[in-house]
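Engineer: Please read through the structure below; I'll follow up with questions.
The numbers here are math on the coordinates, done by the rules we state, and not lab data. The model shown is predicted, which means the values in this text are computed figures rather than measured ones. All Cβ positions, even for glycine, are placed from backbone atoms using ideal geometry, and neighbour counts span all protein chains on display.
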Amino acid sequence: MGGPGGLSPFAFRFSPARFLPCPGCTQVGTIPPEPPAVITPRAEESLVVRHTATSVVTIDRFIIDQESRQPKASGELSGILYDLVVAAKMISNKVRSAGLADIIGAAGTENIQGEVQQKLDLFANDTIVKAMDHGGRLCAMASEEEADIIPIPQGFKHGKYLLLFDPLDGSSNIDVNVPVGTIFSVLKKEGEPGPGTTRDMLQSGHRQVAAGYVIYGSSTMMVYTTGQGAHGFTLDPSIGEFLLSHPNIKTPEHGRYLSVNDAYEQHWEEPVRALMRRYRGLDGKRDAMNVRYVGSMVSDFHRNLLGGGLFAYPANAKNPLGKLRLMYECNPLAFICEQAGGAATDGTQRILDVQPTELHQRTPVFIGSRGDVAIAQEMLAR
Ligand code: AHG
Ligand code: MN
Ligand code: MN
């Protein structure tokens, strides 16, 4: 991981609208200064940065910049994000060599949810645990792949934060070279310092202090929020750094894409069927949305976040609470989505307001463009 000095011979300070050479920094090397990176408008307020050879903002630099805007910040949360960045690079590297090394396929085990674990699920889980358990910033972790909370090993300091994660989302897609991801949520332990418990973790999503995801797609990207907007970084494999590519992501108010597995239609209740007919334009009350469903929530969510749309995993007769997990799938993505101007509901209430009662609790979810989520809220609340 590059330090604050980064790999570039030039130092740049990020401002919301553009990059500026940092006045306090001394330039080293002999490369002449380039014009500032060009930022071109994307959907509405969303911006995409086009980097020149030397005008880069590494994720480390950006995290420091954001931390400096919080006068009371201790730097611990930044440390958690740095460690997650390292884990993401290691997982990315492994995912990229899937098909070459003996790392695809089932591991021969099942997780707490009775799902077949892939070798890469276990690799990603282990990588995150090992990258995070000794930093002194966390007091416990929880993973989709582990039934109980993951304690901090003996001999290491306990911090005040809790980390919950889905190490590899969409992992059943890995054998066929479809994008997968990692999702994480950071909460703060209330009360006395010391080892974290399951009870400490059972907090509503609106109490998250940070959340993010990594998508291992045509490029590897990390998108995260600490409540100061949602920002995206693309991994430049040539230098091994995540570079700011999508500052302050804003999702369109209405979207083009509907992402839902309609093989469950026969098991949906009538209000859900009516809702899906509405999105498809079949009741004549709105234009039809286009359907895109990868079967990897991170991928579907990411596409819709940038381009506009709605991802839905409703309850059905077979799965009365749907399939997706509240605390390490829906909450973090809902936090990011809201920061980008979108919304997320379970059909009756805002996802971020759901009070969890179990670590691996499932929830129905409708997440994405605000206008499209509002339709779900209206039609399902009746
Ligand atoms: P995971 O691989 O972490 O278990 O998550 C898989 C999830 C999610 O990524 C995806 O949207 C959904 O399962 C797909 O489920 P269906 O096959 O039921 O549509
Ligand atoms: Mn998942
Ligand atoms: Mn998973």
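Engineer: Do the alpha carbons of any pairs in Lys89/Lys119; Lys72/Lys189; Lys89/Lys160; Lys250/Lys318 sit beyond 28 Å of each other, and which pairs?
Structural biologist: On the way: Lys89/Lys119 17 Å; Lys72/Lys189 17 Å; Lys89/Lys160 25 Å; Lys250/Lys318 35 Å.
Beyond 28 Å between Cα atoms: Lys250/Lys318.
Engineer: Set the Förster distance to 45 Å, then compute FRET efficiency between Asn290 and Asn93 from the Cβ-Cβ distance, nearest 0.05. List each step's numbers first, then the result.
Structural biologist: Values: r = 34 Å, r/R0 = 0.75.
According to the calculation, E is roughly 0.85.
Engineer: Continuing with the same structure: If R0 is 30 Å, what FRET efficiency do you get for Leu202 and Ala73 from their C-beta distance, rounded to 0.05?
Structural biologist: Working: r = 25 Å, r/R0 = 0.85.
It comes out at approximately 0.75.
Engineer: Let me ask you something else. Given the range 238-382, what percent of its DSSP beta bridges are antiparallel, to the nearest 5? Intermediate results must be reported in sequence, preceding the final value.
Structural biologist: Numbers: 9 of 15 bridges.
DSSP beta bridges in the range 238-382 are roughly 60 percent antiparallel.
Engineer: Right, another one. Any chance you could check the Cα centroid distance between the range 204-233 and the range 239-302 for me, in angstrom?
Structural biologist: 19 Å
Engineer: If you take the C-alpha gyration tensor of the range 59-246, multiply each eigenvalue by 5 and take the square root, what semi-axes do you get, largest first, in whole Å? Display every interim value, and only then the final one.
Structural biologist: Working: eigenvalues 136, 94, 36 Å².
Whole-Å semi-axes of the equivalent ellipsoid: 26, 22, 13.
Engineer: If I stretch the segment between Glu265 and Arg277 completely, what's the gain in nm (0.36 nm per residue apart, minus their alpha carbon distance), one decimal?
Structural biologist: On the way: separation 12, 0.36 × 12 = 4.32 nm, distance 1.07 nm.
Residue separation times 0.36 nm, minus the Cα-Cα distance, leaves 3.2 nm.
Engineer: Count the DSSP beta bridges whose two residues both fall in the range 98-200, then state the antiparallel fraction as a percent rounded to the nearest 5. Can you show the working numbers first?
Structural biologist: Details: 12 of 18 bridges.
Bridges in the range 98-200 are about 65 percent antiparallel.
Engineer: Rounding to the nearest 20 debye, state how big the charge dipole of the range 257-380 is about its Cα centre with +1 on each Lys and Arg Cβ and -1 on each Asp and Glu Cβ. Mind dumping the intermediate values first?
Structural biologist: On the way: 14 positive and 14 negative charges, 46 e Å.
My answer is approximately 220 debye.
Engineer: Continuing with the same structure: What nm value, rounded to one decimal, do you get for the distance between Ser219 and Asp126 when each label is placed 7 Å out toward the C-beta?
Structural biologist: A separation of 3.1 nm, rounded to one decimal place.
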